[in-house]
Every structure is written in structure tokens, then in C-alpha cells.
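Engineer: If you scroll down you'll find the structure; I have some questions about it.
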Amino acid sequence: MSTLDANAGHHDEGSYLSGPPGMMARIWQWATTVDHKKIGVMYLFAVLTMFFIGGMAAMAVRYDLLDPIRTQTVETLNAAGDLETTTITTGESLKEIMSGLGMGKDLTESQIYNRAFTLHGAVMVFMFIVPSIPASLGNFFLPIMLGAKDVAFPRLNLLSWYIYVFGCLFGIMSILLGGVDTGWTFYTPYSTSTDADHWRVVLMVMAAFILGFSSILTGLNFVVTVHKLRAPGMGWFDMPLMIWALYATSIIQVLATPVIGITLLLLVFERIMHIGIFDPAMGGDPVLYQHFFWFYSHPVVYVMILPAMGIISEILAVHSRKHIFGYRAIAFSSLGIAGVSFLVWGHHIFTAMGELAAILFSGLTFLVAIPTAIKVFNWIATLYKGSIVINTSMCYALMFLFTFSIGGLTGLPLATLATDLHLHDSYYVVAHFHYVMMGGTVIAFMGGIHHWWPKMFGKMFNEKGAMLGMALVFIGFNVTFFTQFFLGTQGMPRRYANYVDEFQTLHQISTYGSWILLAGFLVHLVVFVVSLYAGKKAPANPWGGLTLEWECESPPIEHNFHHEPIVKHGPYDFESVVPPHCDPKEFPLPENGGHH
Ligand code: HEM
Ligand SMILES: [Cu+2]
């Protein structure tokens, strides 16, 4: 971005990955680091580990749903020739696995299933997807994209990492002690009365409570960094759109998270002190809990999707070599989404509220579609007549446009009162939120990891292997979750380990789809491990990007830049700027300045 190569003549300072000799010294260096890049990398490996744990629970859930639970009595002749009736139960696949491991003897198949989907949901939401992009890629790239040496509060950043680890440990302890069967929403009065003799529920609820602080501190750090640490010449409308997305996300993290914090604290209070807040048996109101819970948990879905939208803007512009269409509209739509997201939580509890309130929340929910559609149209307009490069990160961005649009559009029948009444708590809802959370955030996260991998680790990855992984993820994802729309419209309720026979085929297809999905992620894992150990050295700017991270070396040096960069043009001026560290012949400027 600066005409002055912010890295000219200073290649002796080692990369942020270099360090003192000796394993212990290295571990201590990382354990006490205040470098945003190292903290970002630690978050990346931690959230992917939680994704793996949540994914394995999902595989257990899907495996169980291969067969319905059936009990039949058969009459057999015993040795003495007497008729005996024996009861045979089939379809208890999780129970068979657990008893093979010598666990869960006293639990029924449904009880094991309830713990499996609760573990899946709670780990995926609180320990994976909420911190996923902001804490990993956000931490690594926000300061660099602004031209800064680090975030505003580096030590606070390290603290937010340790709070995250602490919160995850609470969750894992709850799982190791046998798990929780309340659902990830911890609805009362079941969550304040079940399991009375155990601490499992309290541990999992406290895990979510603690993790909230890590989220708030990360958000706080990003807001101050964006306001205070932009490089000279970088005005608000010179910032990459990824920064606008992370900025809007941070505002939600700081404002909404305290609400879930106090709600979960009140839940634990009611459980331990037996003071009626949510439990009607003690004079409490369970629907009050649902309002408090969703007042946070709806805005938090935008903490999940806004950073993903930021990644998509970066990938589409760089890999179609075109100025993003409607920069300001996309920037403001991020703030618009953040604002409206606080007004729609009631659509999660239409079936538990009065008509007027339901009509209001329904109307407000349709509002969210407007800023979201602005982004999708502007992204497609950016692709129009672009010089599109087909590689893994671009394919993930294109996949996002497809899967996230299905996610968004299938939300409309849930925002409509008449249809939501029938679809609420069915597999249609499960399919819908997987299309937005997985089809949105996880797919964009995969695109972002492939886009910035060379910069983060200084290594290229095998594009063919990555494309195979991407194709398996695309097929597996849609087979797993598209079938669930049909299951839901035909009446299959969520959170049931058993079902009527006519649902078996669709459940089996969905489960086979999840195995293809798993295979896709395993292919990616192999490709990345091979890249780390044997990958080709990455150039500073493999894709010809114009944002500041492509000015840095791959991987970046400790303080990112040798000189403070000076911003002289916009982040997407592909029609007039030759990308840094790139051969103009390889990245020619478009004729007539890119105007079509
Ligand atoms: C890896 C592939 C995945 C598969 C195969 C999968 C499968 C499922 C299934 C079948 C259910 C419904 C269980 C039921 O209601 O009986 C479910 C629930 C859920 N999933 Fe996933 N899922 C996957 C990934 C994700 C991801 C990436 C997220 C979010 C980040 C997520 C979040 C949830 C949540 C929050 C629930 C609700 C749990 C509850 O009812 O308490 N899932 N998942
Ligand atoms: Cu919602």
C-alpha cells in the first residue's frame, strides 16, 4: 500500500515463528507471549481441536440416527423345550459402543443421545464457533491489516487466551464427569433441577460463563485497536472490509455477552441456592430465562457470521482481481446487521409469547435480510467480469455464496409466524442453522485459512489435495443437511434419538453425508500437516493481494513491519496498483483501468 516498501533492506530480523533453542524455552516463549500472531495461532489450534471434539460428538449423533430404536418380543424354545419370550431391542448403537468402553451402563440409549447432542452443541457454539475467526485469524491479521505492530492491549490479549483455555477446561471436566443432557440452550426448569446430585451442569454452564469474558476482552481489544492504531493515511474508508466486519462483531461481543453472563450466573444461583428465578416450582418464570438467553444468543449468531462475511469480501476481491462493488454499502451493512441483531431475539420463542410481540419480532426479523442481501448482491457484482482465479480459497468463497444463501433464505419461513409454528423444534431448524453456522462460518473459515495459510506459516500447501478436501466437504455438507429440511417439513422433531420408520432412509442418507464431510476435513488435515513439514516456501504475496498483510514477509517478522507503513491507496485498487512483491507481468493491471 505504501510506495515505500515497508520491509526494504531489513531481512535479518527472524520471523515470529523463530525462537530460542530448546523445547522448554520455546514452550515458555509461547506461554508468555504477548505477540498477537502467536496468540492467534494458539487460538487457531485450540478452536480446531474443539471443532474436532464437537465434530466427533456430531458423528455419534448421526451414527445413532442410522437406525430407530425398536423393541420386539420373540418367543423361543429353551433347552428344556419350554416356550420363552425374550425382548430384543435394536438400534441402541451408542449404548453398544459405550458399554464396549465399560461406560454408561445405567443410561438408556436416549439418555446417551441427549448427552451427545448437548456436548456437540455446547462445544461447537461456545468453544469453537464464537471464538473461531475473531480470536484466530482476527487476532493474527487485524493489527497487520491496520499497519500496527500489535493490538492495543497485548497483555489483555494473552489474558483472554488463558481465560478461553480455563473455560474450555471447565467444559471438558463436565464432559469427562459424564456430560450434560440439557441441550446447549440450558433451558430451565430442566437445567436447574436435573442431575441434582452432580456438578456437571454447573461446570458446563460456568464454562460458557467464563468463555464470555474471553470474548468480551477480545472485542474490547479490537475496538480500541481499530480506533487508535490505524497506519498513517488509513482513514475509516481505507480499511479492508475484514476490519469493518471484525469491528461490528466486537461491538456485539462487548454489549451482548454480559447479558448471557448474568443469565447463566442466575441459573447457577437458582440451582445452588434454590432461590426461585426461572423455576415455576419456586415462583420463577422459565420463559424469562428464554428471553435473557436469546437476547444474547441471537446477536451472537452475528458474532459467528460477520467475521465470515469479512473473509468473503477479502477472498472475492483478491481472487477476482476486482475492486469490491459497493465498499461503503458493505461496510455499513456490517454495522446495520450488528444493530438490528439486538432487536429480533423473540423469533426463537414465537411459540412461547403473545401474538402482538410475535408479530413485532417477526417483522423486525425480516429487516435483517436487507443488510445481508446487500452484501450478497455486492459480492456477486464484484465477481461480474472479474479475472477469477479458481483455487481452494476462491472455491470456498463461492461455496459460501451458495450454502449461506440457502441458510438465509430458509430462515424466512422461520421468521413467518404461520410456518414457524409447524417448523419450530423440527429438523428443518437443525438444517437451517447448520446451513448458516456451518454453511456460512465454517465454510468461510476454511476459505480464510487457505487464503492466509502461506502468510501465517510461510509454506504453500498442495492445491490439488486441498481441492479434493473442498469437494468432499461440499458434497458431504449438502447431503448431510439438505436432507434434514425434508425430515423437518415432514415432522421429524429435533433432539429425539428415536423416530418412525418412514424417516429412516433420509436419516441414513444424512449420516452417510456426514461421513463424506468427515473425510473432507481429514483430507484437509493431511494437506496442512504435509505443508507444515514439507511445503514449498511461500512468497510474500502469492495471490497478488493489496491489503497490508501482503506487504509483510511470509511468515511476518516479530513486529510485522520494519518501517511503519504509509497508506497511499485503497485496499482493493486492483485497477491501478501493482501488488507488492509481485511481478507486474504476472499481475498485469487491467486495460482501461478496469472500467468495463
Ligand atoms: C461437523 C458436522 C456436523 C454434523 C454432522 C452435525 C449434526 C448435528 C445434528 C444431527 C444435530 C441435531 C441433534 C438433535 O437435535 O437431535 C445437531 C445439533 C446441533 N449442532 Fe450440529 N452438526 C455438525 C456441525 C455443527 C457445527 C459446525 C455447529 C456450530 C458451530 C453445530 C451446532 C449444532 C447445535 C448448536 C446443535 C443443537 C444441539 C442441541 O439441540 O442442543 N453443528 N448437529
Ligand atoms: Cu435468531
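Engineer: Given 37 °C and 0.692 mPa s, compute D for the chain with the Stokes-Einstein relation, Rh being the Kirkwood radius over Cα pairs; round to the nearest whole µm²/s.
Structural biologist: 129
Engineer: OK, next. Counting Lys and Arg as +1 and Asp and Glu as -1, each charge on the Cβ, what is the dipole of the stretch 135-228 about the Cα centre in debye, to the nearest 20?
Structural biologist: So the magnitude is around 460 debye.
Engineer: So, taking all protein chains as they sit and a 1.4 Å probe, how much accessible area belongs to His559, in Å² rounded to tens?
Structural biologist: My reading of the accessible area for His559 is about 90 Å².
Engineer: Additional query: Go ahead and estimate [θ] at 222 nm for the chain from helices alone: -39,500 (n - 2.57) per DSSP H run with n ≥ 4, summed, over the residue count, rounded to 500.
Structural biologist: Numbers: 21 runs with 349 residues, N = 596.
That comes out to -19500 deg cm²/dmol.
Engineer: Give me the percent of accessible area attributable to carbon and sulfur for the chain, probe 1.4 angstrom.
Structural biologist: C and S fraction of accessible area: 70 percent.
Engineer: Also, quick follow-up: How high is the relative contact order of the stretch 370-524? Use alpha-carbon pairs under 8 Å, at least six apart in sequence, and give a whole percent.
Structural biologist: 28
Engineer: Per residue, how big is the convex hull around the C-alpha atoms of the stretch 345-390? Give it to me in cubic angstrom, could you?
Structural biologist: Output value, Cα hull per residue: 81 Å³.
Engineer: Have a look at Ala331, Met234, Ala352 and report the one farthest towards the positive end of the charge dipole of the stretch 213-357, computed about the Cα centre with Cβ charges (Lys/Arg +1, Asp/Glu -1).
Structural biologist: Farthest along the dipole direction, towards plus: Met234.
Engineer: For a quick check of understanding: with a 1.4 angstrom probe and all protein chains in place, what accessible area in square angstrom does Asp67 have, to the nearest ten?
Structural biologist: It works out to around 70 Å².
Engineer: Any idea what the alpha-carbon Rg over 2.2 N^0.38 Å comes to for the stretch 91-250?
Structural biologist: Details: Rg = 20.2 Å, N = 160, 2.2 N^0.38 = 15.1 Å.
This ratio for the stretch 91-250 stands at 1.34.
Engineer: Hey, what did the stretch 213-281 get for relative contact order, percent, Cα under 8 Å, at least 6 apart? It would help to have the intermediate numbers written out before the result.
Structural biologist: Numbers: 35 pairs, mean separation 26.5, N = 69.
Contact order relative to length: 38 percent.
Engineer: What does the charge count around Lys322 come to, taking other residues whose C-beta lies under 9 Å from its C-beta (Lys +1, Arg +1, Asp -1, Glu -1)?
Structural biologist: Neighbourhood net charge equals +1.
Engineer: Sticking with this one: Is there a pair in Lys455/Lys568; Lys385/Lys585; Lys149/Lys455; Lys228/Lys322 whose C-alpha atoms are over 25 Å apart, and which pairs would that be?
Structural biologist: Lys228/Lys322
Engineer: After finding the eigenvalues of the alpha carbon gyration tensor for the stretch 389-531, what semi-axes result from the square roots of 5 times each, listed largest first in whole Å? Intermediate results must be reported in sequence, preceding the final value.
Structural biologist: On the way: eigenvalues 209, 58, 20 Å².
In descending order the semi-axes read 32, 17, 10 Å.
Engineer: Separate question: Return a whole-number percent for the relative contact order of the chain, with Cα pairs under 8 Å and 6 or more residues apart as the contact set.
Structural biologist: Answer for the chain is 19 percent.
Engineer: Per residue of the stretch 258-275, in order, report the coupling 6.51 cos²θ - 1.76 cosθ + 1.60 (Karplus, θ = phi - 60°) as ³J(HN,Hα) in whole Hz, putting x for Gly and Pro.
Structural biologist: Those phi angles translate into x, 5, 5, x, 5, 4, 5, 5, 5, 4, 5, 4, 4, 5, 8, 8, 6, 9 Hz.
Engineer: Okay, next question. Could you please report the charge total around Gly488, scoring K, R as +1 and D, E as -1 over all other residues with beta-carbon less than 12 angstrom from its beta-carbon?
Structural biologist: -1
Engineer: Gap in Å between the Cα centre of the stretch 70-118 and the Cα centre of the stretch 223-288?
Structural biologist: If you average the Cα positions of each part, the centres end up 44 Å apart.
Engineer: Now for a separate question. Give a residue-ordered list of calculated ³J(HN,Hα) values for the stretch 386-403 (Karplus: 6.51 cos²θ - 1.76 cosθ + 1.60, θ = phi - 60°; whole Hz; x for Gly, Pro).
Structural biologist: Karplus values, whole Hz, x for Gly and Pro: x, 8, 6, 9, 8, 9, 4, 5, 5, 5, 5, 5, 5, 4, 4, 4, 6, 6.
Engineer: Could you pull the Cα extents of the stretch 331-437 along its three principal axes, largest to smallest, in whole Å?
Structural biologist: Cα spread of the stretch 331-437 along its principal axes, largest to smallest: 53, 31, 17 Å.
Engineer: Right, another one. Calculate the FRET efficiency for Val224 and Phe166 from the Cβ-Cβ distance with a Förster distance of 22 Å, rounded to the nearest 0.05.
Structural biologist: 0.40
Engineer: Count charges around Leu229 for me, please; just the other residues with Cβ under 10 Å from its Cβ, Lys/Arg as +1, Asp/Glu as -1.
Structural biologist: +2
Engineer: Per residue, how much accessible area does the chain show when a 1.4 Å probe rolls over the protein heavy atoms, in square angstrom?
Structural biologist: Value for the chain: 40 Å² per residue.
Engineer: According to a simple spin-label model (label point 7 Å from Cα along Cα-to-Cβ), what is the distance in nm between Val34 and Arg495?
Structural biologist: 4.5
Engineer: Can you tell which of Leu548, Leu255, Thr511 lies farthest toward the positive end of the dipole of the chain, using +1 and -1 charges on the Cβ of basic and acidic side chains (Lys, Arg; Asp, Glu)?
Structural biologist: Result: Leu548, furthest along the dipole toward the positive end.
Engineer: Further question on the same structure: Two decimals is fine: what is log10 I(q)/I(0) at q = 0.14, 0.16, 0.22 Å⁻¹ for the stretch 517-596, from a Debye sum with one equal scatterer on every Cα and no solvent?
Structural biologist: Results for the stretch 517-596 at q = 0.14, 0.16, 0.22 Å⁻¹ read -0.67, -0.78, -1.02.
The values are calculated or read from the model by the stated rules, or taken from the named source; none is laboratory data. Please read all numbers here as calculations on a predicted model, not as lab measurements. Cβ atoms come from the backbone with ideal geometry, glycine included; neighbour counts cover every protein chain shown. Each accessible area value is taken on the protein alone, full model and side chains, heavy atoms only, with ligands, DNA and RNA left out. Shrake-Rupley method; radii C 1.70, N 1.55, O 1.52, S 1.80 Å.
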